[in-house]
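The values are calculated or read from the model by the stated rules, or taken from the named source; none is laboratory data. Worth saying up front: this structure is predicted, and the values here are computed from it rather than measured. Don't worry about glycine lacking a Cβ; one is built from the backbone with ideal geometry, like all the others, and counts go over all protein chains shown. All accessible areas refer to the heavy atoms of the entire protein, side chains included, with ligands and DNA or RNA removed. Shrake-Rupley method; radii C 1.70, N 1.55, O 1.52, S 1.80 Å.
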Amino acid sequence: MIFRQLFDQTSGTYSYVLASRRGGEALIIDPVLEKVDRYLQLFRELDLRLVKAVDTHIHADHVTGLGALRDRTQCITVMGEQSRVDVVSMRVTEGDKVDIEGLSLDVLYTPGHTDDSYSFLLPDRVFTGDTLLIRGTGRTDFQNGDPRAQYESLFGKLLKLPDETMVFPAHDYKGDTVSTIGEEKAFNPRLRVKTVDEYVDLMNGLNLPNPKMMDVAVPANMRIGLHQDEVARRGWAIGAKDAMALVGCTDVVLVDLREPRERDKHGSIPGSLSAPYTDLRRNVCKGGMLHELGAATGKRLVFYCAFGERSAMAVQAAQDAGLTAARHIQGGLDAWRKADGPLVR
Ligand SMILES: [Fe+2]
């Protein structure tokens, strides 16, 4: 496995790059906007293709690199389903998995620092965001933080992992880089409490100043801009209600860009073809499956995904590849469901 821990000095943020091999797919956790050029350079040096960028929660101390990485690599952006952030193209929840080639991370919902805090688990290590830090825990006094929920996330989930599990947090201000669950159980002063009430009192008594960047970072992280507006301006978007008339049309292929796991969980539009977004570039270029389908049969490709983000990027890619009839369903399956569109499982 390729594993890199990268550091942003200004905010004390750790970002993590994961891949199973050189030349393969990569994933990044908690990227920082100012470091995006550095990440892209590293991907080139290691011959990696970024396919997913994940934020463990909405950050208050730095602007996320998710939007810039999406714009420059067309990667999928991943956050928890509670996040009120418009950049997200794949939303996950407890029990889901985040997959890339050769690696599969288990998704753990670990609220408390914020209500959208998640941890991501590999067999030997866990990425804890700001839920569990090295000899600390993330503050719980803003962004819908809740010390009671954090206690549950810590004692009910993270500390139940095997003692030897390595802990990689989103921050460290002392220069520590890694710990283990066993070490934190033994030496983390915040975890020496006997009851949940004791933990709540401890956290409520911290009286920390707000992060310097908070007033800038939180609003910036909430609105990283949808591609969907621009795609709609060009006339490449179809509303969910109008898209319903396309089901069963012989001159239209509905293309589902979501992953098999998302199809299984949420259902799909009847008669749609599965072509996951990570293979899109190959599929829409000349000789690719979707390109040939569109070119040979004259059928119109109509992309959809979960929220319309991946499909908006797909329309752009298809147009670039000469498939000028390509469209997408604005708002994705989410909008489709709200419009009472039929689903199959
Ligand atoms: Fe945070």
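If you check LYS194, LYS212, which single one turns out to be in contact (Cβ under 8 Å) with a residue 40 or more places away in the chain, on the phi < 0 side of the Ramachandran plot and part of a loop (DSSP other than H, G, I, E, B)?
Checking each option against the conditions leaves just LYS212.
For segment 56-71, name all the residues that are within 16 Å of the ligand (Cβ to nearest atom) and without any contact (Cβ under 8 Å) to a residue 60 or more places away in the chain. Spell out how you get there, then give the answer.
Looking only at segment 56-71, we keep the residues that are within 16 Å of the ligand (Cβ to nearest atom), and these are 56-66.
Residue satisfying the conditions is GLY65 alone.
Looking at segment 80-100, is at least one residue in a loop (DSSP other than H, G, I, E, B), touching a residue at least 60 places away in the same chain (Cβ under 8 Å) and more than 27 Å from HIS227 (Cα to Cα)?
No: segment 80-100 contains no residue that is in a loop (DSSP other than H, G, I, E, B), touching a residue at least 60 places away in the same chain (Cβ under 8 Å) and more than 27 Å from HIS227 (Cα to Cα).
Exactly one of these conditions fails for LEU290: (1) open to solvent by less than 20 Å² (accessible area, probe 1.4 Å); (2) touching a residue at least 40 places away in the same chain (Cβ under 8 Å). Give me its number.
Answer for LEU290: the failing condition is (2).
Which ones in segment 23-38 are of a type in the set (Asp, Glu) and touching a Ser or Thr at 6+ places or on another chain (Cβ under 6 Å)?
The one that is of a type in the set (Asp, Glu) and touching a Ser or Thr at 6+ places or on another chain (Cβ under 6 Å): ASP30.
Among LEU103, LEU154, which is the only one that is more than 16 Å from the ligand (Cβ to nearest atom) and not polar (S, T, N, Q)?
The match here is LEU103.
Quick check on my filter: what residues within segment 3-56 are on the phi > 0 side of the Ramachandran plot and open to solvent by less than 10 Å² (accessible area, probe 1.4 Å)?
Hits for segment 3-56 are GLY12, ASP30.
How do the pairs read when you match residues in segment 120-148 that are more than 18 Å from ALA186 (Cα to Cα) with residues anywhere that are within 12 Å of the ligand (Cβ to nearest atom) and basic (Lys, Arg), using Cβ under 8 Å and keeping only pairs 6 or more apart or on different chains?
So the pair list comes out as ASP130/ARG139; GLY145/ARG139.
Looking only at residues that are of a type in the set (A, V, I, L, M) and in a helix (DSSP H, G or I) in segment 1-51, which one is farthest from ILE100 (Cα to Cα)?
Looking at residues that are of a type in the set (A, V, I, L, M) and in a helix (DSSP H, G or I), I get LEU33.
Taking segment 168-180 as the search range and keeping residues that are away from the ligand (no atom under 16 Å from the Cβ) and in contact (Cβ under 8 Å) with a residue 24 or more places away in the chain, which one is surrounded by the most Cβ atoms within 10 Å (Cβ to Cβ)?
Checking each candidate, the answer is SER179.
Kindly provide the set of residues from segment 114-145 that are part of a loop (DSSP other than H, G, I, E, B), open to solvent by less than 10 Å² (accessible area, probe 1.4 Å) and touching a Lys or Arg at 6+ places or on another chain (Cβ under 8 Å), ordered by number.
Within segment 114-145, ASP116, ILE134 meet the criteria.
What pairs can you find where one residue is in segment 1-22 and of a type in the set (Lys, Arg), the other is crowded, with 20+ Cβ neighbours inside 10 Å, and their Cβ atoms are less than 6 Å apart, with a gap of 6+ or different chains?
Within 6 Å, the pairs are ARG4/VAL17.
If the Cβ limit is 6 Å and pairs must be 6+ apart or interchain, which residue in segment 249-267 that is in contact (Cβ under 8 Å) with a residue 40 or more places away in the chain and closer than 13 Å to ASP279 by Cα pairs with which residue that is buried (at least 18 other Cβ atoms within 10 Å of the Cβ) and among the charged types (D, E, K, R)?
Note: pairs meeting the criteria are LEU257/ARG310.
Can you confirm whether segment 338-345 contains a residue that is assigned to a loop (DSSP other than H, G, I, E, B), touching a Gly at 6+ places or on another chain (Cβ under 7 Å) and either of a type in the set (Lys, Arg) or free of Cβ contacts under 8 Å to residues at least 24 places away in the same chain (or both)? Talk me through it step by step, then tell me what you get.
Here is the first cut: in segment 338-345, the residues assigned to a loop (DSSP other than H, G, I, E, B) are 339-343, 345.
When the remaining residues are screened for being touching a Gly at 6+ places or on another chain (Cβ under 7 Å), the result is 343, 345.
From the residues that got through so far, the ones that are either of a type in the set (Lys, Arg) or free of Cβ contacts under 8 Å to residues at least 24 places away in the same chain (or both) too are 345.
Checked segment 338-345: at least one residue is assigned to a loop (DSSP other than H, G, I, E, B), touching a Gly at 6+ places or on another chain (Cβ under 7 Å) and either of a type in the set (Lys, Arg) or free of Cβ contacts under 8 Å to residues at least 24 places away in the same chain (or both).
If you go through segment 222-241, how many residues are touching a helix residue (DSSP H, G or I) at 6+ places or on another chain (Cβ under 6 Å) and assigned to a helix (DSSP H, G or I)?
The number of residues fulfilling the criteria is 3.
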